[in-house]
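Notes follow the structure.
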Amino acid sequence: MCRHLVFLGDESAIGEVVVDPAHGLYRQAWEPRMQKHGTVNADGFGVGWYADGDPAPARYRRTGPMWADANFADLARVVRTGALLAAVRDATEAGADGEAAAAPFSWGPYLFSHNGALGNWPGSVAQLASGLPPAELLALEARCDSALVWALLLHRLRNGEGTGRALTETVREVAAAAPASRLNLLLTDGRTVTASAWGDTLWYLLEPGRRTVVASEPYDDDPLWTEVPDRCLLVATRTDVLLTPFEEPTT
């Protein structure tokens, strides 16, 4: 369900990261190489990126497939950035809220994406949802599982938890409530990437000082790509990557 990536590095056109690579996210929209669940990611897409001097990212999201959007082709060709998050979507439930359900979701400096699905949605996580303040539930951008995962994570961020702890505890509580879930999450503020490998593929490419890429799957055949073991938390900057195994959630 979905493919996504975060890029931190030398300023590049969006297309150089998302469109141009031989197996880039653009191609993964119809021909992913390593996707375990689903085959085509044509239920929407989005890109969020950071401009110099502005901590709040811009976003471009659409309901249809990436390859069908001529406006995105122009945008990707000319907009340059040193940090972006992009995703192509295979919806858990077809037609659920369209563009509003497409990653990345955002708040303040953060961009977020979820590759996966919640088991036995929505009943399995009803109790977790009921624990959120009503105003935060009413502010959900969409009625899909990814939007709820984002709301749970965002609640922790708003309460002052660091990104690593907030993402870890969100994965643990959702996995405990819905054990069949797949929870590959990506969170970035344009400087750091925090991600989870939980039920689907996750890879990273590190060239210190030049680029760090964290992605569902490699977008080319560079031998520097490294697979992240399942049930691992990843924290990365432009210079290093740290992996920490998750403990199994308790019920």
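The values are calculated or read from the model by the stated rules, or taken from the named source; none is laboratory data. Quick caveat, the model's predicted, so the values are computed rather than measured. Every residue, glycine among them, receives a Cβ derived from its backbone with ideal geometry; neighbour counts consider all protein chains shown.
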Test: residue in the stretch 170-178 that is surrounded by 21 or more Cβ atoms within 10 Å (Cβ to Cβ), modelled with pLDDT under 95 and over 29 Å from S12 (Cβ atoms): no
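If you take the residues of the stretch 47-75 that are in a strand (DSSP E or B) and more than 15 Å from the chain's Cα centre (by Cα), which of them is nearest to A103 (Cα to Cα)?
Pass one, the stretch 47-75, residues in a strand (DSSP E or B): 47-51, 54-62.
Still in the running and more than 15 Å from the chain's Cα centre (by Cα): 50-51, 54-56, 58, 62.
Details: Y50: 15, A51: 19, D54: 20, P55: 19, A56: 16, A58: 12, R62: 10 Å.
If we take residues in the stretch 47-75 being in a strand (DSSP E or B) and more than 15 Å from the chain's Cα centre (by Cα), then R62 is nearest to A103 (Cα to Cα).
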Lone qualifier among T170, T201 - being of a type in the set (V, I, T) and touching a residue at least 40 places away in the same chain (Cβ under 8 Å): T201
Of all residues in the stretch 76-103 being within 15 Å of the chain's Cα centre (by Cα) and closer than 13 Å to Y50 by Cα, the one that is surrounded by the fewest Cβ atoms within 10 Å (Cβ to Cβ): A83
Meets criteria (surrounded by 15 or more Cβ atoms within 10 Å (Cβ to Cβ), polar (S, T, N, Q) and in contact with a Gly (Cβ under 7 Å, 6 or more places away or on another chain)) for T201: no
Out of A197, A215, sole residue that is of a type outside the set (S, T, Y) and closer than 14 Å to A87 by Cα: A215
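With the structure loaded, tell me whether E217 is over 15 Å from the mean Cα position of the chain (by Cα), among the acidic types (D, E), farther than 23 Å from V174 by Cα and at pLDDT 95 or above or whether it fails that test.
Details: over 15 Å from the mean Cα position of the chain (by Cα): no; among the acidic types (D, E): yes; farther than 23 Å from V174 by Cα: yes; at pLDDT 95 or above: yes.
Criteria not met by E217.
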Given (1) within 18 Å of the chain's Cα centre (by Cα); (2) surrounded by 17 or more Cβ atoms within 10 Å (Cβ to Cβ); (3) farther than 27 Å from S12 by Cβ; (4) modelled with pLDDT of 95 or more, number of the condition C144 does not satisfy: (4)
Checklist (1) under 16 Å from the mean Cα position of the chain (by Cα); (2) within 15 Å of P104 (Cβ to Cβ); (3) not in a helix (DSSP H, G or I) applied to V17, failing item: (3)
Residue among T194, T212, T188, T237 that alone is surrounded by 23 or more Cβ atoms within 10 Å (Cβ to Cβ), at pLDDT 95 or above and over 28 Å from L118 (Cβ atoms): T212
Single residue of the stretch 122-138 satisfying the filter (in contact with a helix residue (DSSP H, G or I) (Cβ under 8 Å, 6 or more places away or on another chain) and either of a type in the set (F, W, Y) or without any contact (Cβ under 8 Å) to a residue 24 or more places away in the chain (or both)) that is surrounded by the most Cβ atoms within 10 Å (Cβ to Cβ): L132
Candidate set from the stretch 160-193 (those that are of a type in the set (G, A, S) and not in a loop (DSSP other than H, G, I, E, B)); member that is nearest to F105 (Cα to Cα): A166
Any hit, the stretch 26-37, residues being buried (at least 18 other Cβ atoms within 10 Å of the Cβ) and under 14 Å from the mean Cα position of the chain (by Cα): no
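Which of the residues that make up the stretch 111-125 are touching a Pro at 6+ places or on another chain (Cβ under 8 Å) and within 29 Å of A58 (Cβ to Cβ)?
Listed by number, the residues that qualify are L111, F112, S113.
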